[in-house]
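Below is one structure; the comments refer to it alone.
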Amino acid sequence: MKININGKGMKVGDQLQQRIEEKLGKFNRFFGDEATATVKVRPEKDQKCIEVTLKIHKHYYRAECIADDVFTALDQTIDVLEGQIRKHKTKIEKKIHDYAYMKEYLKTQTDSVPDVEEEPRIIKRKSFELDPMDADEAVLQMEMLGHSFLLFLDAETDKVCAVYKRKDGQYGLLEPEY
């Protein structure tokens with residue numbers, strides 16, 4: 001597994017780097033060199049925040065935790081990632097051809113999280129016209145509608161994009177490549 005560790009606003013020491021590699025090592029033995037882990041460490045007021053994104057083939061798993069101690073935040077983040085994988089175990093097993101790389105990992109896991117009996121399903125569909133606009137106009141439109149995201153047609157690039165409200169109160173822009 002390739003591991004990229006970035007410290008934003010703080011230095012990642014050797015001890016922390018070694019602990020991150022050790023914790024992510026449990027995924028390495030199942031997913032091997034096909035997986036990429038991106039770890040971001042940053043201060044969050046008086047606490048530390050760790051964000052881990054695992055990319056395995058075309059699937060992403062992401063977790064972010066904040067704690068007083070950076071090592072505690074790391075442990076919590078790894079637990080969340082394991083929980084995500086266990087939670088989606090039945091869905092993964094049903095679509096095993098898409099998730100073939102997960103077979104070995106799932107064999108070793110205990111069923112500490114009960115399988116959800118009812119599959120999540122789409123209960124509402126909505127269609128709408130995409131209006132050409134710039135990102136700032138899309139943010140304004142999103143706020144007026146009271147939504148947390150908005151799809152729009154970028155007037156400059158003529159591509160479908162999305163703006164969204166982030167947890168920190170700022171905005172994000174998604175620009176797909178196709």
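Just so you know, all these numbers are worked out from the coordinates, no wet-lab data involved. On a predicted model such as this, the values are computed, not experimentally measured, just so you know. Ideal geometry is used to build each Cβ from the backbone, glycine not excepted, and the neighbour counts take in all protein chains shown.
Only loop residues by DSSP count here, and only those with at most 12 other Cβ atoms within 10 Å; note down the trypsin sites (Lys or Arg not before Pro) in region 31-63 that meet that. Walk me through the intermediate numbers first.
On the way: sites: 40, 45, 48, 55, 58, 62; in loops: 45, 58.
Those satisfying the criteria are 45, 58.
Sorted from fewest to most neighbouring beta carbons within 10 Å, what does the list 164, 60, 178 look like? Mind showing how you got there, number by number?
On the way: 164 16, 60 11, 178 4.
Going from least to most buried by this count: 178, 60, 164.
Going by how many other Cβ atoms sit within 10 Å of their own, how do 52, 12, 70 line up, fewest first? List each step's numbers first, then the result.
Details: 52 25, 12 16, 70 21.
Starting with the residue having the fewest Cβ neighbours, the order is 12, 70, 52.
Greater than 29 Å separation of Cα atoms is the criterion. Which listed pairs, 26/165; 8/126; 11/87; 2/87; 40/165, meet it? List each step's numbers first, then the result.
Values: 26/165 34 Å; 8/126 39 Å; 11/87 34 Å; 2/87 25 Å; 40/165 20 Å.
26/165; 8/126; 11/87, as the Cα separations exceed 29 Å there.
What length, rounded to one decimal in nm, is gained on full extension from residue 153 through to residue 8, with 0.36 nm per residue of separation minus their alpha-carbon distance?
48.9 nm
Can you tell me the mean projection area, over all orientations, of the convex hull of region 116-166's alpha carbons? Units nm², please.
On the way: hull surface 20.3 nm².
Projected over every direction and averaged, the Cα hull of region 116-166 covers 5.1 nm².
Among 126, 23, rank each residue by its count of other Cβ atoms within 10 Å, from fewest to most, as a rough exposure measure. Walk me through the intermediate numbers first.
On the way: 126 4, 23 19.
Least crowded to most crowded, the residues run 126, 23.
Among 170, 141, 151, flag the residue with its Cα farthest along the positive direction of the charge dipole of region 132-174, charges on Cβ as +1 for Lys/Arg and -1 for Asp/Glu.
170
For a bin width of 10 Å, list the pair-distance distribution of region 1-44 built from all Cα-Cα distances, rounded to whole %.
28, 51, 19, 2
Along Cα→Cβ, 7 Å out, is where each label goes; now give me the distance between the ones at residue 167 and residue 45 in nm to one decimal.
1.3
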